[in-house]
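Structure first, commentary second.
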Amino acid sequence: MGQKIQAVKGMNDLLPVAQKDFKLTSAFWQAFENTIAAWTRRFGYQQIRTPIVEQTGLFVRSIGEETDVVGKEMYTFADSNDKLNLSLRPEGTASCLRAVVEHNLLYNNPQKLWYSGPMFRRERPQKGRYRQFHQVGVEALGFDGPDIDAEMITMCADLWNELGIRQHLTLELNSLGNMAERSAHREALVAYLQQHEALLDEDSLRRLHTNPLRVLDTKNPTLQVMANAAPRLVDFLGAESRAHYQSLKTMLDGLGIAYVENPRLVRGLDYYNLTVFEWTTDKLGAQSTVCGGGRYNGLIEELGGKPTPAIGFAMGVERLLLLVQEYGCLKADGAPDVYAMHQGEGSVLAVLTVAEQLRHAGIDVYMHCGGQSLKAQMKKADASGARFALIVAQDEVANGTVTLKDMQGEHGQQTVAATDVITLLQEWKK
Ligand code: ATP
Ligand code: MG
């Protein structure tokens, strides 16, 4: 016997059953995917699917060389011909924009798009933080806002409501202004941080000149007092940026969507400007951010497209579903309607035929295979969670009938002509 080979650390299998350290099941996940498909349709967004691998330069240019994601977390490798340096995608926006620019989708046409799929970051695996994780993301390209900014947030709130977790999520909001405002603030911030240089930890010292805004995002509690007193970006916003921010807040107020302004919210990727937001929860321990997004007006141009305003957000599916599983209301419907069993000569063909007829009538049928006693099959039928058992044994084969048993309701058991079983089932299902 060969040695067992295990999955890569931090990369999960999604199984029909819950695992000890990863409780999500494939049926639950699939129910979520159905919800997402309907939700995006409700808002008029169209799906985009891009490759999982891209040229490394795409992420360096869009996410930023000095970010944690690009600096330390990417899975990067040389392609075999050594000419291309490739990376597994760590997020979805860069790929989406690459595709949109490459295929010229924005020519006279704003786009409302969504994507979903695995992302890869080499981080320390723990609950809610994996090396392969999944995101559902939404991008609106070619819109100035703030109406679309409000729609984005409404869209999130709509999904949280449907998933029954709205009360467990807090919306945090900030504005990062434009480039000029950010650089004026950056100067003041660097000067301030230099005054407090003795306090800074290693990470913050590194970021002081490369990405000082991120110092404010520190998770180090001893730095927070200093960070709280640092010059705030909101105080550097000009009239236009302030008006954008204010009108978004007015719309959220009007919609009854509560938010907490967090002047230190900067987000981990470099490309944001104006509106940024995160949805956080106190129910998932340290991995508190379920969804994050914001405006990135310069990014499309940076990637070789015409200057185009844009905004988007992405949610971490594992984190979200861990929350939904414990506190929300998404029903994973794993059980078939009918568990079909058979015994004796001629019964296989008969049950295969009737099962296929049922499926054509929209009834889900699991067929027992492998020929055990009817009693053993009935046990399996019970355990399957199916509401009905369909039995084809010797008598049924001889008479062209089937027996239907209602295992959960009040109808008991009845033998009918095989041609009548659909009608009977539909009656019993009511
Ligand atoms: P965090 O601060 O938790 O590291 P982030 O700012 O790096 O998050 P984003 O790049 O904004 O995350 O990605 C959007 C969402 O994707 C996050 O809010 C989170 O829910 C999820 N996410 C990010 N990294 C991981 C990961 N390694 N494992 C699971 N989910 C993740
Ligand atoms: Mg991160």
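Every number here is computed from the coordinates shown, using simple stated rules; none is lab data. Values in this document were obtained by computation on a predicted structure and should not be read as measured data. Positions of Cβ are generated from backbone atoms using ideal geometry, with glycine treated the same way; all protein chains shown enter the neighbour counts.
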Sites Thr423 and Gln167, calculated FRET efficiency, Cβ-Cβ separation with R0 35 Å, nearest 0.05: 0.20
Under-5 Å amide H pairs with Gly145, H placed in peptide plane, nonlocal only: none
Positive-end residue of Asn104, Ile63, Met119, charge dipole of the chain with Cβ unit charges: Met119
Descending packing, highest mean Cβ count within 10 Å first, for 221-231, 144-154 is 144-154, 221-231
Can you classify the stretch 338-429 as rounded, prolate or oblate using the Cα gyration tensor, where a ≥ b ≥ c are the square roots of its eigenvalues, rounded means a/c under 1.5, and otherwise it's prolate if a/b beats b/c and oblate if not? rounded
What are the lysines whose alpha-carbon lies under 21 Å from the alpha-carbon of Lys23, with same-chain residues fewer than 8 places away excluded? Lys9, Lys127, Lys283, Lys331
Please work out whether the stretch 3-68 counts as rounded, prolate or oblate from its C-alpha gyration tensor, where a ≥ b ≥ c are the square roots of the eigenvalues and a/c under 1.5 means rounded, while otherwise a/b larger than b/c means prolate and anything else oblate? oblate
Based on the mean of other beta carbon atoms within 10 Å per residue, what is the order of 94-107, 49-62, 304-317, 254-267, most packed first? 304-317, 94-107, 49-62, 254-267
Do the sum for the chain: with -39,500 (n - 2.57) for every DSSP H run of n ≥ 4, divided by all residues, what is the mean residue ellipticity at 222 nm, to the nearest 500 deg cm²/dmol? -11000 deg cm²/dmol
Please report, in debye to the nearest 20, how large the charge dipole of the stretch 338-429 is about its Cα centre when each Lys and Arg carries +1 at its beta carbon and each Asp and Glu carries -1 there. 280 debye
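For Cα pairs less than 8 Å apart in space and 6+ apart in sequence, what is the mean separation divided by the residue count of the chain, i.e. the relative contact order in percent?
Here the relative contact order equals 15 percent.
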The correct pair for the chain, radius of gyration to one decimal and Dmax as a whole number, both in Å and from Cα atoms, is 27.5, 93
Counting only DSSP beta bridges with both partners in the chain, the antiparallel fraction in percent, to the nearest 5, comes to 80 percent
Rounded, prolate or oblate: which fits the stretch 1-114 when a ≥ b ≥ c are the square roots of the eigenvalues of the alpha-carbon gyration tensor, with rounded for a/c under 1.5 and prolate only if a/b beats b/c? oblate
For Lys127 and Lys72, FRET efficiency with R0 = 25 Å and r from the beta-carbon atoms, rounded to 0.05? 0.75
Size of the dipole of the chain about the Cα centre, Lys and Arg at +1 and Asp and Glu at -1 on the beta carbon, nothing else charged, in debye to 20? 680 debye
